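Enquirer: Structure provided below as structure tokens; questions to follow.
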Amino acid sequence: MPHVFPAWVAELTDPRRARTLEELADRLVPLAEQAIDVSRRLQEQLADLNAPFETDALRALVDGLQHRSETAFTEVNAEIEGTARTRLTRLLARETPEAREALRAELVPALTAQQQVVAERLGACTGAAVQSAAKLLLDRTAELAGSVAVLVRQVLPAAQEGLALAGRISGLTGRVRAQGRGEVPAWVLAEAAGLAAVADETLARLELEWSMAGARAAAARTALRAAEEAAFSEVTGALAGEVAELAPEHIRVLGDLEHRILERFTTESSGDLPESVR
């Protein structure tokens, strides 16, 4: 059921129902303000549409992808390093302090070298993935910006139309006030009635344009956000693939270190036994 205002609203606002020149002028003023308001809101909506595609915004978009990718690399690399350190610490815990320090001096360089290999591979993978993802992101953004530019060119005349309407209403208001006081002449009432009818149609259409522009601005922001997340997913996917490729060699190196520790532990333990028991 459509919303209906009380009857007195039209009586107090509709220029066609004015009985005196003062009433007519007083009703034309808010009509002009309404036209200016919808034009201003349309222009703001178009500026909101354009904002994500300005140079600084695009630079921030790529910088955000770079920052998130660096964070992802740091977290993955730290997790791998932490796992290796935990494993080494657990194995060394069974040694005496003297033996532990000797083993650390012997094994930590090998572990550090392996971790450096992993970090370099992951870093190179992340850098290449960011370049690829950033290019795709900018290509998609440029395509979306082209569509937005077309929309802006289509809607901008509507905002200008609202300002032109406000100018016509203000012009009539000035002529009405110049008539002085008293009843509204027939020719003035006819012109006011015609302009009020034009205003009804124009303002309704501009309000619809404003609503549609807002929906399209929201859709553009959603699409841009989706493109950003897809770009980041490309980077994390590449990182996950590189970790999977590195895993067998990394596990082999850790296993070799563990074997060396256990072998030394076994040798030293057997050295403590009597010769007849060995």
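Enquirer: Output yes when any residue across the stretch 125-137 is β-branched (Val, Ile, Thr) and under 33 Å from the mean Cα position of the chain (by Cα), and no when none is.
Expert: Within the stretch 125-137 (the criterion being β-branched (Val, Ile, Thr) and under 33 Å from the mean Cα position of the chain (by Cα)), the answer is yes, since at least one residue qualifies.
Enquirer: If I filter the stretch 196-209 for residues that are modelled with pLDDT of 90 or more, under 41 Å from the mean Cα position of the chain (by Cα) and within 30 Å of residue 65 (Cα to Cα), do I get at least one hit?
Expert: Going through the stretch 196-209, the residues modelled with pLDDT of 90 or more turn out to be 196-209.
Those left that are additionally under 41 Å from the mean Cα position of the chain (by Cα): 198-209.
Add one more test, that the residue is within 30 Å of residue 65 (Cα to Cα), and what stays is none.
No.
Enquirer: On to the next question. Among the residues of the stretch 57-65, is there at least one that is under 26 Å from residue 206 (Cα atoms) and among the hydrophobic types (A, V, I, L, M, F, W, C)?
Expert: no
Enquirer: Counting just the residues of the stretch 13-46 that are aliphatic (A, V, I, L, M) and within 20 Å of residue 179 (Cα to Cα), which one comes out most open to solvent (accessible area, probe 1.4 Å)?
Expert: 29
Enquirer: Among the residues in the stretch 181-201, are any in contact with a Ser or Thr (Cβ under 9 Å, 6 or more places away or on another chain), over 29 Å from residue 49 (Cα atoms), open to solvent by less than 70 Å² (accessible area, probe 1.4 Å) and not acidic (Asp, Glu)?
Expert: For the stretch 181-201, residues in contact with a Ser or Thr (Cβ under 9 Å, 6 or more places away or on another chain), over 29 Å from residue 49 (Cα atoms), open to solvent by less than 70 Å² (accessible area, probe 1.4 Å) and not acidic (Asp, Glu): present.
Enquirer: Please tell me if residue 111 is under 30 Å from residue 165 (Cβ atoms), surrounded by 17 or more Cβ atoms within 10 Å (Cβ to Cβ) and touching a residue at least 60 places away in the same chain (Cβ under 8 Å).
Expert: Answer is no for this residue.
Enquirer: Hey, could you check the stretch 168-180 for residues that are open to solvent by less than 50 Å² (accessible area, probe 1.4 Å) and touching a residue at least 12 places away in the same chain (Cβ under 8 Å) and say which is farthest from residue 151 (Cα to Cα)?
Expert: Taking the candidates together, the pick is 180.
Enquirer: Let me ask something additional. Any residue at all in the stretch 115-123 that's β-branched (Val, Ile, Thr), assigned to a helix (DSSP H, G or I) and touching a Pro at 6+ places or on another chain (Cβ under 9 Å)?
Expert: No, the stretch 115-123 contains no residue that is β-branched (Val, Ile, Thr), assigned to a helix (DSSP H, G or I) and touching a Pro at 6+ places or on another chain (Cβ under 9 Å).
Enquirer: Within the stretch 122-150, take every residue that is open to solvent by less than 20 Å² (accessible area, probe 1.4 Å) and of a type in the set (A, V, I, L, M) and give me the one that is nearest to residue 45 (Cα to Cα).
Expert: In this case the residue turns out to be 148.
Enquirer: Out of the residues in the stretch 94-105 that are in a helix (DSSP H, G or I) and touching a residue at least 12 places away in the same chain (Cβ under 8 Å), which is nearest to residue 83 (Cα to Cα)?
Expert: To start, the set of residues in the stretch 94-105 that are in a helix (DSSP H, G or I) comprises 97-105.
With the extra rule that they be touching a residue at least 12 places away in the same chain (Cβ under 8 Å), the set shrinks to 99, 103-104.
Values: 99: 22, 103: 18, 104: 16 Å.
It comes out as 104.
The values are calculated or read from the model by the stated rules, or taken from the named source; none is laboratory data. Please read all numbers here as calculations on a predicted model, not as lab measurements. Note: ideal-geometry Cβ built from the backbone for every residue, glycine included; neighbour counts use all protein chains shown. Surface accessibility is based on the protein's heavy atoms, side chains included, excluding ligands, DNA and RNA. Shrake-Rupley method; radii C 1.70, N 1.55, O 1.52, S 1.80 Å.
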